[in-house]
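The values are calculated or read from the model by the stated rules, or taken from the named source; none is laboratory data. Note that the structure is predicted; figures quoted are calculated from it, not measured. We work out accessible area using only protein heavy atoms, side chains counted, and drop any ligands, DNA or RNA first. Shrake-Rupley method; radii C 1.70, N 1.55, O 1.52, S 1.80 Å.
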Amino acid sequence: MGTTLSKKSTFPLSTKKKELVFDVITFVFIMLFVYTAASKSMAFDRFTKVLGKSPLLGHFNILLAYLIPITELILSGLLLINKTKRTGLFFSLLLMIVFTVYLVYMVNSGSTLPCLCGGVISSLSWTQHIFFNMIFIALAVFGLRLYKK
């Protein structure tokens, strides 16, 4: 727990508690990204085919089928290292925003394609998935606000 947290904050928590909350948030993101990357990799052919049917992503399905799980694993690595946790959390926030924008597009397009996240998360409806992502976006924002250089 070697993160550097400012003592001046809008959150009335001790530095130790802020570090703990920040580490829990990064751990939750690591679990999410490792889980979804593994699920996508284990069902790689299905993942690639479903991406190919996407009206927005279809032309890039093979590239994205490799790039998304690799990105998730790289972010997990960044979140594991104390010096790169903040950077990892920032890029995790960006990735979750991109995923959420894609989900909103899918809902508005009336698409009936299945979720590409893998595992249990795939059982969520598009709308449920948007709310799920919003929780992770809020966690990332909260974590970044806790973490001050």
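Miscellaneous remarks
- Per-residue SASA entry for VAL120, accessible area with 1.4 Å probe, Å² rounded to 10: 110 Å²
- Considering only MET42, MET96, MET106, the mean-square fluctuation computed in a Gaussian network model of the chain, springs between alpha carbons under 10 angstrom, is largest for MET42.
- Here the gap between ILE81 and PHE60, fully extended at 0.36 nm per residue and compared with their Cα-Cα distance, gives a gain of 4.4 nm.
- Restraint check, LYS16/LYS83; LYS53/LYS85; LYS49/LYS85; LYS18/LYS85, Cα-Cα greater than 23 Å: LYS53/LYS85; LYS49/LYS85
- Accessible heavy-atom area order of TYR66, TYR147, highest first, probe of 1.4 Å: TYR66, TYR147
- Rounded percent of accessible protein surface that carbon and sulfur make up, the chain, 1.4 Å probe: 72 percent
- Taken one residue at a time, the phi angles of segment 97-102 give Karplus couplings (6.51, -1.76, 1.60, θ = phi - 60°) of 5, 4, 4, 5, 4, 4 Hz. Gly and Pro are set to x.
- Fluctuation leader among LEU20, LEU51, LEU103 - the chain, Gaussian network, Cα springs under 10 angstrom: LEU20
- For segment 60-69, putting each phi into the Karplus relation 6.51 cos²θ - 1.76 cosθ + 1.60 with θ = phi - 60° gives couplings of 10, 4, 5, 4, 5, 4, 8, 5, 5, x Hz, in residue order, rounded to whole numbers and with x for Gly and Pro.
- Karplus 3J(HN,Hα) series, Hz, for segment 136-146 with 6.51 cos²θ - 1.76 cosθ + 1.60 (x for Gly, Pro): 5, 4, 5, 4, 5, 4, 4, x, 5, 6, 5
- Between THR127 and VAL24, full extension at 0.36 nm per residue minus the direct alpha carbon distance yields a gain of 34.5 nm.
- Based on protein heavy atoms only, segment 33-149 ends up with 56 Å² per residue of surface accessible to a 1.4 Å probe.
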